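After the structure tokens below, expect a handful of questions from me.
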Amino acid sequence: MTAWTSLEYAVVDVEGNGHQPPDLVELAVVPITAGVVGEPTAWLLRPERPITGFARRIHGITNEAVAAAPVFADVEKEIRSCLEGVAFVAHNASVDLGVLRRNLPGWEPTEIFDTLKLARRLRPERLSYRLGSLVAAFDLAEGLEQRPHRAGYDALVTARLFTLLAVHPDGGSLDLDALRDLPPGGDDDPPATLF
């Protein structure tokens, strides 16, 4: 048995401009090393197309806020260095993965953990698996100043959720195989959209 803490993780959240496919306007990465959640690194990014009113209402990021921000190409090297050689974690990971794969040609995570799927499997008693519902149920926002739907906040609460799920309800830690096991059909979630 290999402890889940033996891997290094990058917990990621992205926010988009509301177009399909979306341009990135914010990205955050939170490291987990030896089971300890680190500090988030976040980038505001200037998208090619303006942020739609709908997306702005979701995450609160305005076109003015990103007018002087770098474009993705300016920070791509920094972002790649945060994501190289680590296991990838996100809530409803297919969304974040899709955006990153479009923006980082040739990049592939060493392993993927989706806290949405993990929560469904490991906490079947929950009525909702939306990130906000899980944050409220497990009090994961304690001490956070930022608001939900900002990349730094969402990545940090997702990191806290992941570490919570990795601990067995009886107090012991799950091993990597237990975290990796998905039930049959576990990868068949409908695609989600990014705002």
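Cα atoms only: what Rg and Dmax, in Å, come out for segment 89-186?
That works out to 14.0, 42 Å for Rg and Dmax.
Still on this structure: Express the relative contact order of segment 4-180 as a whole percentage, based on alpha carbon pairs under 8 Å and six or more residues apart in sequence.
Reported as a whole number, the value is 26 percent.
Going by amide H atoms built from the backbone, whose H comes under 5 Å of the H on residue 71, apart from near neighbours?
Placed amide hydrogens put 46 under 5 Å from residue 71.
Per-residue ellipticity at 222 nm for the chain, helices alone: DSSP H runs ≥ 4 residues times -39500 (n - 2.57), over residue total, nearest 500 deg cm²/dmol?
Counting only the DSSP helices, I get -10000 deg cm²/dmol.
Measure of size requested: the Rg and Dmax of segment 1-51, with Cα atoms as the atom set and Å as the unit; please supply both.
For segment 1-51, the Cα radius of gyration and maximum Cα-Cα distance read 14.9, 49 Å.
What whole number of Å gives the distance from the Cα centroid of segment 20-56 to the Cα centroid of segment 68-86?
11
Apply the Karplus curve 6.51 cos²θ - 1.76 cosθ + 1.60, θ = phi - 60°, to the phi angles in segment 51-67 and return the couplings in whole Hz, x for Gly and Pro.
Couplings: 6, 6, x, 4, 5, 4, 5, 6, 9, x, 8, 9, 4, 5, 5, 9, 4 Hz.
A follow-up question, please. Which order results if 77, 117 are arranged by neighbouring Cβ count within 10 Å, fewest first?
Lowest count first: 77, 117.
Next question, about the same structure. List the residues, sorted by chain then number, that are 5 or more residues from residue 113 or on another chain and whose placed amide H is less than 5 Å from its amide H.
Residues meeting the criterion, in which the H sits 1.01 Å from N, are 88, 89, 90.
Quick one: order 9, 153, 129 by neighbouring beta-carbon count within 10 Å, fewest to most.
Ascending Cβ contact count within 10 Å gives the list 129, 153, 9.
Name the most mobile residue of 171, 38, 132, meaning the one with the largest mean-square fluctuation, in a Gaussian network model of the chain with Cα contacts below 10 Å.
171
Here's something else I'd like to know. If you rank 163, 110 by fewest surrounding Cβ atoms within 10 Å, what's the result?
Ascending number of Cβ neighbours within 10 Å: 110, 163.
Take each of the peptides 137-147, 82-92, 11-21, average the number of other beta-carbon atoms within 10 Å over its residues, and list them starting from the highest.
Values: 137-147: 12.8, 82-92: 19.5, 11-21: 22.3.
Ranked from most to least packed, the peptides come out as 11-21, 82-92, 137-147.
Among bridges DSSP assigns within the chain, what percent are antiparallel (round to 5)?
Working: 16 of 22 bridges.
The answer is about 75 percent antiparallel.
Let me ask another. Please report, to one decimal in angstroms, the Kirkwood hydrodynamic radius of the chain built from all distinct Cα-Cα pairs.
Kirkwood hydrodynamic radius for the chain: 17.1 Å.
Whole-Hz ³J(HN,Hα) for each residue in segment 20-32, computed from phi via Karplus 6.51 cos²θ - 1.76 cosθ + 1.60 with θ = phi - 60°, x for glycine and proline: what do you get?
10, x, x, 8, 6, 10, 7, 9, 9, 10, 10, x, 10
Read the figures in this text as sums done on the coordinates, not as results from a lab. Everything numeric in this text was worked out from a predicted model, so none of it was measured. With ideal geometry, Cβ positions are generated from the backbone for all residues, glycine too; neighbour counts draw on all protein chains shown.
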